[in-house]
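Notes for the one structure printed next.
The values are calculated or read from the model by the stated rules, or taken from the named source; none is laboratory data. Please read all numbers here as calculations on a predicted model, not as lab measurements. Glycine also receives a Cβ, built like all others from the backbone with ideal geometry; neighbour counts cover every protein chain displayed.
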Amino acid sequence: MFGGGCGHQLAQWAIKGQPDLDMFSYDIRRFSPKQCANKAWARERSHEAYATNYKIVYKNDEYLAGRNLSKGPLHKILEKQGCVYQERQSWERPGFFDSSKTFPVHPYDWMGQYGHKSNGGEYRDAVNHEYTFDFSKSHKMVGCLKI
């Protein structure tokens, strides 16, 4: 899908010594070795990327595939406190907290396809509230310190 644009930028890189655009999002090195070595992660993430190819991409979109690969020592404690996790470089990291309930990240459900039952659940509902071009609902939960 991005072959023509990436090829153009690669040509610019070869001719000018650098591409015209930031190409990090297309660089294979953006994935950690742990992600690259995990075939289930690659299969799930590839499926989700393909299945959601024409979906509107919001600034706070979260992948639901390939999750729970790396967790910190406080993961369960924070989850019980209402942490809604976001994945970055294979690590589950706190995104925001909603103390009204817990939001465990379930294994990827293949969007209810290929004989898999859809997870649905609280986590998917929580991240769906983040899908906006405006301030997300969690924005109001985050306060600023006055120094």
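Brief remarks follow.
- Within region 97-119, residues that are among the acidic types (D, E) reach partners that are part of a loop (DSSP other than H, G, I, E, B) with beta carbons closer than 7 Å, at six or more positions or on different chains, in the pairs D98/G82; D109/H116; D109/K117; D109/S118; D109/N119.
- Some residue of region 83-98 being of a type in the set (G, A, S) and surrounded by fewer than 17 Cβ atoms within 10 Å (Cβ to Cβ): no
- Residue list for region 62-81, restricted to those being part of a loop (DSSP other than H, G, I, E, B) and charged (D, E, K, R): E62, R67, K71
- Looking only at region 6-46, and only at residues there that are over 21 Å from E62 (Cα atoms), outside any loop (DSSP other than H, G, I, E, B) and not aliphatic (A, V, I, L, M), the one that is nearest to the chain's Cα centre (by Cα): C6
- Verdict on V105 being crowded, with 17+ Cβ neighbours inside 10 Å and either charged (D, E, K, R) or modelled with pLDDT under 80 (or both): no
- The set of residues in region 62-78 being at positive phi and crowded, with 17+ Cβ neighbours inside 10 Å consists of G66 alone.
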